[in-house]
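The structure's right below; bear with me while I get my questions together.
The values are calculated or read from the model by the stated rules, or taken from the named source; none is laboratory data. Small disclaimer: the values here were computed from a predicted structure and weren't measured. Please note: Cβ atoms are built from the backbone with ideal geometry, for glycine as well, and neighbour counts cover all protein chains shown. Side chains are part of the model used for accessible areas, which takes the heavy atoms of the whole protein and leaves out ligands, DNA and RNA. Shrake-Rupley method; radii C 1.70, N 1.55, O 1.52, S 1.80 Å.
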Number of protein chains: 2
Amino acid sequence: MGGELHFIGIVEKASEEEAKVRIFSEYRSGLKGIKDFSHLIILYWCHLRDTEKERQTLRVFPRRHAVNVEKGVFACRSPSRPNPIGLCVVELLKAEDCILTVKGLDALEKSPIIDIKPYFPRADAVPNARVPEWTFHGPKT
Amino acid sequence: MGGELHFIGIVEKASEEEAKVRIFSEYRSGLKGIKDFSHLIILYWCHLRDTEKERQTLRVFPRRHAVNVEKGVFACRSPSRPNPIGLCVVELLKAEDCILTVKGLDALEKSPIIDIKPYFPRADAVPNARVPEWTFHGPKT
């Protein structure tokens, strides 16, 4: 039981400071109005984790966060999970033709893009959300 | 060119105040530690929009926001888009066995769940993100 994803673009240049995402030309029309937003939510496909073994992963040790206790994959942001979808909130630096230049993208080069959504602080920002102590160590996610 | 999604659960009860999401028992082990988070990001499949026609949609009028100008689907949160993925930040009220009780879920009943991620304010909260004026009208997304 499942759904079928179409890849709509690709991470052309990976960089924390200035990544480049190319939206395939047939989807370009969907970008109209995107410059009105300062931030986007990028959903990408963690293609290197799209293997049967990685997708059967349900428990991981979030070692990047110095955690030596097993966590469920739905309680951390591990790319090994039943559906290897990466989610990243980025700042939109530039939108030109099919290329989005963004800051803060944690995707690897060549990761397929599956969706781009504008960031709505009214719905998406919860600055005081409670998290466990381990999330403060290491990278942001 | 695309990927294959596995449905990991279902929206059993839709409600803005108190929705119920059931994670299928084979994925239950992935929920370990989820109670440590007050908020989650739920990715679901807008199953009623999973038709060829809806998935070819690249421009929409966001009429819920009283907008009569066409916007690209990547510049709004329309469920009609190339990959009908819904994204919603919710408050976790209760996690018992395979059932997550959450507040703020905008999914329809019977929507398949494709991923659950914990909300990390350090990465996900951008309270001052810039948005166009039309987003202030109507529903949150």
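Simple spin-label model, 7 Å along Cα-to-Cβ: A:E16 to B:K13 in nm?
Modelled inter-label distance: 4.4 nm.
Just want to confirm a number: the relative contact order over segment A:1-116, from Cα pairs under 8 angstrom separated by 6+ residues, in percent.
Values: 234 pairs, mean separation 49.2, N = 116.
After rounding, I find 42 percent.
At A:E109, label 7 Å along Cα→Cβ: distances to the other copies, nm, ascending?
So the distances to the same position in the other copies read 5.1 nm.
What does the copy distance list look like for A:N128, label position 7 Å along Cα→Cβ, in nm and ordered from shortest?
1.9
Right, something else. Which trypsin sites (Lys or Arg not before Pro) does segment B:51-116 hold that lie in a coil by DSSP with at most 14 other beta carbons within 10 Å?
Numbers: sites: B:K53, B:R55, B:R59, B:R63, B:R64, B:K71, B:R77, B:K94, B:K103, B:K110; in loops: B:R77, B:K110.
When the trypsin sites (Lys or Arg not before Pro) of segment B:51-116 are filtered for loop state and at most 14 Cβ neighbours within 10 Å, B:K110 remain.
Starting from a label point 7 Å past Cα on the Cβ side, list the distances from B:K140 to the same position in the other copies, nm, shortest first.
Here B:K140 shows inter-copy label distances of 2.1 nm.
Measuring with a 1.4 Å probe in the full set of protein chains, what accessible area per residue, in whole Å², belongs to segment A:4-117? Intermediate results must be reported in sequence, preceding the final value.
Values: 4900 Å² over 114 residues.
That works out to 43 Å² for each residue.
Rounded to the nearest 500, what is the 222 nm mean residue ellipticity of chain B from helices alone, with -39500 (n - 2.57) per DSSP H run of 4+ residues and division by all residues? Present the calculation step by step, with values, prior to reporting the outcome.
Details: 2 runs with 8 residues, N = 141.
So the calculated ellipticity at 222 nm is -1000 deg cm²/dmol.
Give the distance, in whole Å, between the Cα centre of segment B:45-92 and the Cα centre of segment B:100-141.
14 Å
Let me ask something else. Given bins 10 angstrom wide, list per bin the percent of all Cα-Cα distances in chain B, short to long.
Taking every Cα pair in chain B, the percentages come to 11, 37, 36, 15, 1.
Related question: With N denoting the number of residues in segment B:49-94, provide Rg(C-alpha) divided by 2.2 N^0.38 Å, to two decimal places. Mind showing how you got there, number by number?
Working: Rg = 12.6 Å, N = 46, 2.2 N^0.38 = 9.4 Å.
For segment B:49-94, the normalised Cα radius of gyration is 1.34.
Further, regarding this structure: Over 28 Å between Cα atoms, which of A:K13/B:K32; A:K13/B:K117; A:K94/A:K140; A:K140/B:K110 qualify?
On the way: A:K13/B:K32 35 Å; A:K13/B:K117 25 Å; A:K94/A:K140 23 Å; A:K140/B:K110 33 Å.
Over 28 Å apart, Cα to Cα: A:K13/B:K32; A:K140/B:K110.
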